[in-house]
Each structure stands twice: as structure tokens, then as C-alpha cells.
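Structure first, then comments.
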Amino acid sequence: QVQLVEFRGGLVQAGGSLRLSCAASGRTFSNYGIGWFRQAPGKEREFVAAISFSGGTRQHADSVKGRFTISRDNAKNTVYLQMNSLKPEDTAIYYCAATRRLWSSRRDEYDYWGQGTQVTVSS
């Protein structure tokens with residue numbers, strides 16, 4: 001079992017930045033790939049970014065490439081999502097999730113999920 005908690009969502013103006021944190025407890029954190037997903041009102045949950053066990057492989061959705069960066073610190077059991085140049089369309093609840101796979105962009109391949117943190121970008 002892995003427990004995940006997301007931190008540091010909030011309200012920011014367009015063009016601003018936020019850094020989300022995902023803190024893990026339970027089984028060995030470094031054995032899991034970690035992903036970030038988001039869900040806007042009335043839309044399906046979509047893939048944002050993922051990072052492999054050691055951090056050697058990172059993937060970002062096309063919609064956030066060049067603006068968002070995923071990273072992890074296994075010593076702190078934490079994964080980060082640095083979000084720059086935020087746009088109103090980035091407004092959503094952001095979730096982190098853990099997979100036993102190296103990494104994945106598919107929701108159904110993740111075993112554990114956090115409760116989510118709200119990010120609101122005003123225009």
C-alpha cells in the first residue's frame with residue numbers, strides 16, 4: 001500500500017508559476033513510477049506527466065511540454081510538478097498516482113491515487 005498526498009495547489013494569474021508536491025508514505029517509494037493527472041470540470045481525467053523509479057525517464061503531455069517539469073527526490077519520498085507559464089486552461093484538480101510499471105500515461109495502469117489539489121489560473 002502506498003499513500004499519496006498532494007500539496008501546494010492554489011490560485012495564480014495567467015503566466016504565473018506553481019510547484020505541486022506529492023508526498024508518499026507506505027511501501028518503498030523508489031519502487032514506483034509516479035504520474036500526475038488532472039481533471040477539469042466536465043472533462044475526463046487526463047495525463048500530464050510521469051517519471052520512472054529512478055527519475056531517469058520523464059514524459060510530459062504535449063499540452064504542457066516546455067511549461068511543466070516533473071521531478072522526484074526519493075530521499076524525501078516526494079515528486080514535484082513545476083508549472084510555469086500557466087494558462088486558464090490548466091485549471092483543474094491535479095492528482096498524483098503510483099504505478100508498479102516503470103511509468104505510464106494510462107490511468108488504468110496506476111494502482112494508488114492521492115485526493116487531488118485544486119489549481120486555478122485566472123485570466
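The values are calculated or read from the model by the stated rules, or taken from the named source; none is laboratory data. In this text, all values refer to a predicted model and were calculated from it rather than measured experimentally. Cβ coordinates were reconstructed from backbone atoms using ideal geometry, including for glycine residues, and neighbour counts include every protein chain displayed. Note: areas computed on protein heavy atoms with side chains; ligands, DNA, RNA excluded. Shrake-Rupley method; radii C 1.70, N 1.55, O 1.52, S 1.80 Å.
Some observations on this one:
- Contact annotation: residue pairs with Cβ atoms under 6 Å, 6 or more positions apart or on different chains, pairing a residue in region 54-76 that is free of Cβ contacts under 8 Å to residues at least 60 places away in the same chain with a partner that is loosely packed, with under 15 Cβ neighbours inside 10 Å, are Arg67/Asn84; Arg67/Ser85; Thr69/Gln82; Ile70/Arg58; Asn74/Ser30.
- Cβ-Cβ distances below 6 Å connect the following pairs, each with a first residue in region 33-46 that is under 21 Å from Gln82 (Cβ atoms), a second residue that is of a type in the set (Gly, Ala, Ser) and part of a loop (DSSP other than H, G, I, E, B), and a separation of six or more residues or different chains: Gly33/Ser52.
- From the list Ile70, Ile51, the lone residue that is touching a His at 6+ places or on another chain (Cβ under 8 Å), under 22 Å from Gln115 (Cβ atoms) and open to solvent by less than 60 Å² (accessible area, probe 1.4 Å) is Ile70.
- Cβ-Cβ under 9 Å pairs, at least 6 apart or on other chains, region 96-123 side farther than 16 Å from Asn77 by Cβ and among the acidic types (Asp, Glu), far side part of a loop (DSSP other than H, G, I, E, B) and open to solvent by less than 40 Å² (accessible area, probe 1.4 Å): Asp111/Tyr32
- Just one of the listed residues (Lys65, Lys87, Lys43, Lys76) is among the charged types (D, E, K, R), over 24 Å from Gln13 (Cβ atoms) and open to solvent by 60 Å² or more (accessible area, probe 1.4 Å), namely Lys76.
- Against the list (1) touching a Ser or Thr at 6+ places or on another chain (Cβ under 9 Å); (2) closer than 17 Å to Lys43 by Cα; (3) basic (Lys, Arg), the condition Arg107 fails is (1).
- Only one of Leu102, Leu86 that is closer than 24 Å to Gln3 by Cβ, of a type in the set (A, V, I, L, M) and in a loop (DSSP other than H, G, I, E, B): Leu102
- Considering region 105-123, the residues that are hydroxyl-bearing (Ser, Thr, Tyr) and part of a loop (DSSP other than H, G, I, E, B) include one that is surrounded by the most Cβ atoms within 10 Å (Cβ to Cβ), namely Tyr110.
- Leading residue by the ranking (surrounded by the fewest Cβ atoms within 10 Å (Cβ to Cβ)) among those in region 1-39 that are polar (S, T, N, Q) and closer than 24 Å to Ser54 by Cβ: Gln1
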